[in-house]
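In what follows, a single structure is set out as structure tokens and then discussed.
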Amino acid sequence: MEESQALCTKPKEVEALCKESAGAKRANATEEAKGTKEGKGAKEAKDVSSYSPHELDKRGEEAATCFLQRREYEILDRNWKCIAGEADIVALQDDTLCFIEVKTRKDAQKGFPSEAVDMRKRSRYERIAACYLKDHDYADVRVRFDVIAILVLGEGRAFLRHHLNAFGSM
């Protein structure tokens, strides 16, 4: 399994990089620095352990999308569904169509997130790719299957690992 770099980051900051302009970030920082006794403008931090599985998956997919966009991937679809299943992210990197499975976990008690991707999931993703190619007009495009594994380390911190061509060695 080839791997690109691993990244330890704060998901909130990654999300902010993707969604806010520099001016908006400066305005938010100024507002937070002023503060008030009641704490107006401050966002309540939610404990990671209280996230539902759906909420954790959604936040992981947001972080993965931002990670890919910063590396100049063109995001074509998110949560693309067909009869074979759902692809978390479909992206284009140069002339390669990438189908990306995102796995997010709160801790490593049940193993690392990427360990959840097995031969059954590989087979499902290959069928999803076939459906996608049937529905979209791509000629002479390479197809690659990646996994982005995210392990939440604590409030506002995560370890992200991008496994390139994750099915190549299975």
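The values are calculated or read from the model by the stated rules, or taken from the named source; none is laboratory data. These numbers were taken from a predicted model, which means no experiment stands behind them. Every residue, glycine as well, gets a Cβ built from its backbone with ideal geometry; the counts of neighbours run over all protein chains shown. Accessible surface is based on the protein model in full, side chains and every heavy atom, while ligands, DNA and RNA are left aside. Shrake-Rupley method; radii C 1.70, N 1.55, O 1.52, S 1.80 Å.
Scanning segment 69-93 for residues that are farther than 15 Å from Phe145 by Cα and part of a loop (DSSP other than H, G, I, E, B) yields Arg71, Glu72, Ile83, Ala84. Of all the listed residues (Lys106, Lys46, Lys58), the sole one being open to solvent by 60 Å² or more (accessible area, probe 1.4 Å), under 20 Å from Gly156 (Cβ atoms), in contact with a strand residue (DSSP E or B) (Cβ under 6 Å, 6 or more places away or on another chain) and at pLDDT below 95 is Lys106. Name the single residue, out of those in segment 152-170 being part of a loop (DSSP other than H, G, I, E, B) and modelled with pLDDT under 85, that is surrounded by the fewest Cβ atoms within 10 Å (Cβ to Cβ). So, considering only residues that are part of a loop (DSSP other than H, G, I, E, B) and modelled with pLDDT under 85, the one surrounded by the fewest Cβ atoms within 10 Å (Cβ to Cβ) is Ser169.
Results for (1) in contact with a Lys or Arg (Cβ under 6 Å, 6 or more places away or on another chain); (2) surrounded by 15 or more Cβ atoms within 10 Å (Cβ to Cβ), shown as yes or no for each residue.
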position	(1), (2)
Ile75	no, yes
Cys82	no, yes
Asp88	no, yes
Glu101	no, yes
Pro113	yes, yes
Asp135	no, no
Ala139	no, no
Ile150	no, yes
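Determine whether Ile128 is crowded, with 21+ Cβ neighbours inside 10 Å and in a helix (DSSP H, G or I). The answer is yes for Ile128.
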